[in-house]
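The values are calculated or read from the model by the stated rules, or taken from the named source; none is laboratory data. This is a predicted model, so every value here is computed, not measured. Note that we place each Cβ from the backbone using ideal geometry, even for glycine, and neighbour counts take in every protein chain shown.
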Amino acid sequence: MVIASRQEDHIAQTFPKSTSIHITVPSGSDVKLGDAASEDIRVFLKSCLKSMGMKDTLIKKALDYLVSRAAGIFIWATTIANFLELDPEGRFATLEKGDGKGLKSLYSLYSTIVKASFGHELDEEEIGAVASVMGAMIFAKQVLDDNALIMLPQVRIPDSDVSRLGLIRRGLASVIDSGPILHFHHRSFEDFLLSTFFLQELPEFSTVQDRGYHEHQLAVLCLKTLVSPSLHFNMCNLESSIIKNVDI
């Protein structure tokens, strides 16, 4: 059995007789073009860009531009691939216009993606909806499905059954799973949302970090669920509460 992981104490304690080999994977300024990490990322991005249908003449240019900025960080590469998937050539052109200044670190990449995805098109209520969902994803003690999220303030459009979850899913598509339950792809995005860098770059979403606000909203959500008509007597539609003897 081969286990690849960080040097975590609980893993070493679980397998005390195992042989450990420490391998340093360079990242950041330690990565040079041509290193194994960079070449792996180049192969990965090349495959992604081809599957997206990007023109061959542009792929080489995109690879030279992106691989050097990935600095050996694979989550950076997967995040940028997710971001480009919707419109590879158009979004790559958007990244180029920024001259790479917003791509120098993972946090700056996340900031660039959120800004590019939402732009300046969100009104105050939509910003509140995005902040409510992201905050709930961070501070809730369990994962929340769409039925729970649409009960959060500002997520459901007033006087309508329509919610803003579609807007949120599209805007955060690069960093969340697209399944029925929202998950961040990587813990680093949650760390980014709670960082001072996030507040500096995206101050309009500052309520994301307000733990008290989100815990209050989640408490209200629990109370709304308790009085919801979806909770009712005999939810399982049992014919009888009497357990009959069954021969085995």
field: Verdict on residue 59 being touching a His at 6+ places or on another chain (Cβ under 9 Å) and hydrophobic (A, V, I, L, M, F, W, C)
entry: no
query: Checking residue 39 against (1) modelled with pLDDT of 85 or more; (2) farther than 20 Å from residue 76 by Cα, which test does it fail?
result: (2)
Filter pass, residue 153 being surrounded by fewer than 18 Cβ atoms within 10 Å (Cβ to Cβ) and within 23 Å of residue 83 (Cβ to Cβ): no
field: Selected residue (only one of 121, 126 is over 18 Å from the mean Cα position of the chain (by Cα) and in a helix (DSSP H, G or I))
entry: 126
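Yes/no per residue for (1) modelled with pLDDT under 85; (2) surrounded by 18 or more Cβ atoms within 10 Å (Cβ to Cβ):
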| position | (1), (2) |
| --- | --- |
| 158 | yes, no |
| 176 | no, yes |
| 192 | no, yes |
| 200 | no, no |
| 212 | no, no |
task: Consider residue 66 carefully, then state whether it is surrounded by 20 or more Cβ atoms within 10 Å (Cβ to Cβ), in contact with a helix residue (DSSP H, G or I) (Cβ under 9 Å, 6 or more places away or on another chain) and in a helix (DSSP H, G or I).
output: yes
message: Checking the structure you have, find out if any residue of segment 156-171 is in a loop (DSSP other than H, G, I, E, B), assigned by TED's automatic domain parsing to the domain that holds residue 209 and in contact (Cβ under 8 Å) with a residue 40 or more places away in the chain.
response: no
message: Considering only segment 143-150, I want to know if a residue exists there that is touching a strand residue (DSSP E or B) at 6+ places or on another chain (Cβ under 8 Å), in a helix (DSSP H, G or I), at pLDDT below 90 and closer than 24 Å to residue 215 by Cα.
response: yes
message: Here's a check for you: in segment 69-86, which residue that is over 16 Å from residue 112 (Cα atoms) and in contact with a Ser or Thr (Cβ under 8 Å, 6 or more places away or on another chain) is modelled with the highest pLDDT?
response: 73
- prompt: Which residue pairs have Cβ atoms closer than 8 Å, lie 6 or more positions apart in sequence or on different chains, and pair a first residue in segment 131-142 that is in contact (Cβ under 8 Å) with a residue 12 or more places away in the chain and within 17 Å of residue 192 (Cβ to Cβ) with a second residue that is of a type in the set (D, E, K, R) and assigned to a helix (DSSP H, G or I)?
  reply: 137/190; 138/190; 139/211; 139/215
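Quick grid of which residues meet (1) β-branched (Val, Ile, Thr); (2) at pLDDT below 85; (3) not in a helix (DSSP H, G or I):
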position: 22; (1), (2), (3): no, yes, yes
position: 34; (1), (2), (3): no, yes, yes
position: 43; (1), (2), (3): yes, no, no
position: 60; (1), (2), (3): no, no, no
- request: Output the number of residues of segment 218-235 satisfying the condition of being assigned to a loop (DSSP other than H, G, I, E, B) and on the phi < 0 side of the Ramachandran plot.
  value: 8
